[in-house]
Amino acid sequence: MNPQELLYWVRGTGLQISAAIFVFGMIYRMLHLALLGRKKSLAAPRGSEWGPGLRTMWRRSLVMPELSANGRFTIITGYVFHFGFLITLFFLSQHIDLLRAVLGFGWPALPRSVIDIAAILSIAAMIALLVHRIIDPVKRLLSDFQDYLSWMVTFLPLLTGFMLLRGIGFGYITLLTLHLLSVELLLIVAPFTKLAHMFSLFSARWYNGAFAGFKGVKA
Amino acid sequence: MKDHDTLEHRLTEQGISRRAFLKFCAAMASLMALPPGSATAVAAALAQAKRPSVIWLSFQECTGCTESLTRSHSPTLESLIFDMISLDYHHTLQAASGFAAEKSRDDAMKAYYGKYLLLVDGSIPTKDGGVYSTIAGRSNLDLLQEAAKGAAAIVAVGTCAAFGGIPMAKPNPTGAMAVSDLIKDKPIINISGCPPIPVVITGVLAHYLTFGELPALDELGRPKAFYGETIHDRCYRRPFYDQGKFAKTFDDEGARNGWCLYELGCKGPTTHNACATTKWNGGTGFPIEAGHGCIGCSEPNFWDAGSFYTPLPAPTAEVTTVAGIAAVAGAGAAVALSALDRAKKKHMQQTHEKLTVKDLHD
């Protein structure tokens, strides 16, 4: 298989396989979670579910003032990473080309300079978070293999994508192949690790808030 | 066929001045990325070069490669250089035909056994005993294998000979193969392109005449001097790519402003060739300058690499339908498993036996 054939496979069959696993896995896991069901609570509700549920979805997005410096660092750096990642993912023209081909519609891209800044900040934030995870004794103790795996499969697409855009290190074919392979790895791994939070995040928050609301706990 | 004829002598005969010859040598030296001082060495070597015998075999091809070479704004020095080799057999260009033509090939192969250069354009059909392309009743495969035996080196001219090209494109009804798929024991140089750039063919021949060996090749057997960089690397529209400025259609404002053609399917980033530097039609321009993206013709399997107008990031296979099927399957699996869970739970509840005080006594 020559480099062109490999690239063609990665752009075609490879993408089909990984997209299928991603969609299958995500829908299966989310729906299975939703359908788990819980025993009906026989206790009289002490408050409403919807209000606290929605409030928790929002409040968990805030940097709580009572957090320690370490906690604040984690949350703020986490935000930098997430926003940088999402801006790069959804507003780089090349990504919109791909999404247009898959979804059937597209949207305007952001200027390349904005994408560059977002990508660099996102990469820097990920490195900072990894270093912090290793240095901080509590975080280190809390981390397991899956945390490092999730970090790696998220970091690789960002890194290879930036190298591709700026032509760093290798030729275009090699970098495009590596970038697509790294994205495909992410797609395959995401549904079965804590990266599934990309879909379960808000419903999980709602559930926590609603549960507390039902018990009358002030959220 | 006068072996004692040197290139310099022949050029003088044809009224080419030494100055023009040196200019050509300097251009060749820089084209092949040789050190600055080497132009003189190239000139000295070329001037004394003997005309090597060249046999050109045309197989499953469209003659575009020959057209490219002969239409290189003749008479140019390039085409004269081509005169300077002893082209002993070439379907299209030779005067002889029939048995006389075949005989001239046989004679050259015998007289210059182990020394002649074999140039091949077109791919070789191998299915059903190679019956899909025959010359004088002999299959291409047979002719290639015979001619390859006594060749000093083989030059695969054009993408068909180098990588199989359009005859090898799916579904490849003739079982077409590239020269390098069939011949393993000879040095092979691939000058890919559909067609290849004329000056690249002459450049490689000049290199061979100068140094007596083939130039440095990349992993696909192409001379690095010409295929070392991509069209994208050397494209004059590259600054627009870096700024993210893309033409969206062939007649929008971006296209008129000369913006990057990436989103219109340009394969420049994945295509190694010298079009952006040597250009075509006597240096007039190359496809991107004419407003059309690169189609990637010097790369293997380019006919099967999706539409010429599909942007590089877009998938080369249908992803939406596959994802749709996966979504339905995922939902089905979740519902089925949930139903199973519930049934199991119900069964457990029904068969549950309460613990009694008596049980604790036992």
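Residues of B:297-309, mean number of Cβ from any other protein chain within 10 Å of their own Cβ, rounded to a whole number?
For this peptide, the per-residue mean of nearby foreign Cβ atoms is 2.
Size of the protein assembly as shown: Rg and Dmax of its alpha carbons, in Å, are 33.0, 122. Using the alpha-carbon atoms, what tilt in degrees (0 to 90, nearest 10) does helix B:38-48 show relative to the longest principal axis of chain B? Roughly 50 degrees between the two axes. Restricting the stretch A:162-219 to chymotrypsin sites (Phe, Trp or Tyr not before Pro) that sit in a DSSP loop and have at most 11 other Cβ atoms within 10 Å of their own Cβ leaves nothing. Full extension of the segment from B:Lys103 to B:Val335, taken as 0.36 nm per residue of separation minus the current Cα-Cα distance, would add 75.9 nm. Among the GluC sites (Glu not before Pro) in the stretch A:1-70, those located in a DSSP loop and surrounded by at most 11 other Cβ atoms within 10 Å of their own Cβ are A:Glu66.
Binning all Cα-Cα separations of the stretch A:47-214 at 5 Å, short to long from zero, yields these whole-percent fractions: 1, 8, 12, 16, 19, 16, 12, 8, 4, 1, 1, 0, 0.
Taking chymotrypsin sites (Phe, Trp or Tyr not before Pro) as exposed when their DSSP state is a loop state and no more than 15 other Cβ atoms lie within 10 Å, the longest site-free interval of chain B runs over B:114-235. Counts of other chain beta carbons within 10 angstrom of each beta carbon in peptide B:222-230 average 1.
Please quote Rg/Rh for the stretch A:122-206 to two decimal places, taking the Kirkwood radius as Rh and restricting both calculations to Cα atoms.
Computed over Cα atoms, the ratio is 1.04.
Take every Cα pair under 8 Å whose residues are at least 6 apart in sequence, average their separation, divide by the length of chain A, and the relative contact order is 40 percent. Return the tail of the calculated pair distribution for the stretch B:168-249, meaning the percent of Cα-Cα pairs more than 17 Å apart. Tail fraction, whole percent: 63.
With the cut-off at 32 Å, tell me which of the pairs A:Lys194/B:Lys346; A:Lys139/B:Lys346; A:Lys139/B:Lys345; A:Lys194/B:Lys345; B:Lys103/B:Lys224 have Cα atoms farther apart than that. Before the final figure, lay out each step's value.
On the way: A:Lys194/B:Lys346 30 Å; A:Lys139/B:Lys346 41 Å; A:Lys139/B:Lys345 38 Å; A:Lys194/B:Lys345 27 Å; B:Lys103/B:Lys224 36 Å.
As for pairs spanning more than 32 Å Cα to Cα, those are A:Lys139/B:Lys346; A:Lys139/B:Lys345; B:Lys103/B:Lys224.
Within chain B, DSSP assigns beta bridges of which about 30% are antiparallel (rounded to the nearest 5). Between the helical axis of B:320-351 and the longest alpha-carbon principal axis of chain B there is an angle of about 20 degrees.
Legend note: in the protein assembly as shown, cysteines whose Cβ sits 4.7 Å or more from every other cysteine Cβ are B:Cys25, B:Cys62, B:Cys65, B:Cys160, B:Cys235, B:Cys260, B:Cys266, B:Cys275, B:Cys294. Of the complete DSSP H runs in chain A, those spanning 27 angstrom or more by Cα along the long axis with a mean Kyte-Doolittle score not below 1.6 are A:15-36, A:112-135. Peptides A:173-184, B:324-335 ranked from most to least packed give A:173-184, B:324-335, packing being the mean of other C-beta atoms within 10 angstrom over each peptide's residues. Every helix of 4 or more DSSP H residues in chain B counts as -39500 (n - 2.57), and over all residues that averages to -12000 deg cm²/dmol at 222 nm.
Remark on the stretch B:276-349: Rg and Dmax equal 25.9, 87 Å (Cα only). Label-to-label distance for A:Val114 and B:His361 is 8.0 nm, based on points extended 7 Å past Cα in the beta-carbon direction.
Cα centroid separation, the stretch B:140-181 to the stretch B:264-327: 24 Å. Label positions at B:Asp233 and A:Ser143, each projected 7 Å from the Cα along the C-beta direction, are separated by 3.8 nm. Extension gain for the segment B:Lys110 to B:Lys50, taken as residue separation times 0.36 nm less the Cα-Cα distance, is 19.8 nm to one decimal. For chain B, the Kirkwood hydrodynamic radius comes to 23.8 Å, computed from all pairs of different C-alpha atoms.
Within the stretch B:320-361, all pairs of alpha-carbon atoms sorted by distance into 10 Å bins from zero give the percentages 25, 24, 20, 15, 10, 6, 1.
When you filter the chymotrypsin sites (Phe, Trp or Tyr not before Pro) in the stretch A:90-156 for DSSP loop state and at most 10 other Cβ atoms inside 10 Å of their Cβ, you are left with A:Phe105.
Full extension of the chain between B:Lys354 and B:Asp251 yields a length gain of 29.1 nm, computed as 0.36 nm times the residue separation minus the alpha carbon distance.
Please list log₁₀ I(q)/I(0) at q = 0.10, 0.14, 0.15, 0.20 Å⁻¹ for the stretch A:1-135, using the Debye equation with identical point scatterers on the alpha-carbon positions. Cα-only, vacuum Debye calculation for the stretch A:1-135: -0.63, -1.07, -1.15, -1.23. Against the compact-protein benchmark of 2.2 N^0.38 Å, the Cα-based radius of gyration of the stretch B:231-304 scales to 1.05.
Of all aspartates and glutamates in the structure, those lying under 14 Å Cα to Cα from A:Lys39, and not within fewer than 8 positions of it along the same chain, are B:Asp341.
Between A:Leu62 and B:Lys346, the simple spin-label model (points 7 angstrom out along Cα→Cβ) gives 4.5 nm. Mind checking which aspartates and glutamates have their C-alpha under 19 Å from B:Lys149, skipping anything on the same chain fewer than 8 residues away? Result set, ordered by chain and number: B:Asp88, B:Glu102, B:Asp106, B:Asp107, B:Asp121, B:Asp181, B:Asp185, B:Glu213. Among B:Ala148, B:Ala156, B:Ala41, the largest mean-square fluctuation in a Gaussian network model of chain B (Cα springs under 10 Å) belongs to B:Ala41. Relative to the dominant Cα principal axis of chain B, helix B:140-149 is inclined by about 60°. Using the Cα coordinates of the stretch B:50-227, the gyration tensor eigenvalues translate into equivalent-ellipsoid semi-axes of 22, 19, 16 Å, sorted from longest to shortest.
Within the protein assembly as shown, DSSP assigns beta bridges of which about 30% are antiparallel (rounded to the nearest 5).
Ignoring lysines fewer than eight residues from B:Lys248 along the same chain, the ones with Cα atoms less than 28 angstrom from its Cα are B:Lys267, B:Lys279.
Adding -39500 (n - 2.57) for every DSSP H run of four residues or longer, then dividing by how many residues chain A holds, sets the calculated 222 nm ellipticity at -24500 deg cm²/dmol. Per-residue shielding of A:31-42, expressed as the average number of other chain Cβ atoms within 10 Å of the residue Cβ, stands at 3.
Just so you know, all these numbers are worked out from the coordinates, no wet-lab data involved. Since the structure is predicted, the reported quantities are computational estimates derived from the model, not experimental observations. For neighbour counting, all protein chains shown are included, and Cβ atoms are generated from backbone atoms with ideal geometry for every residue, glycine included.
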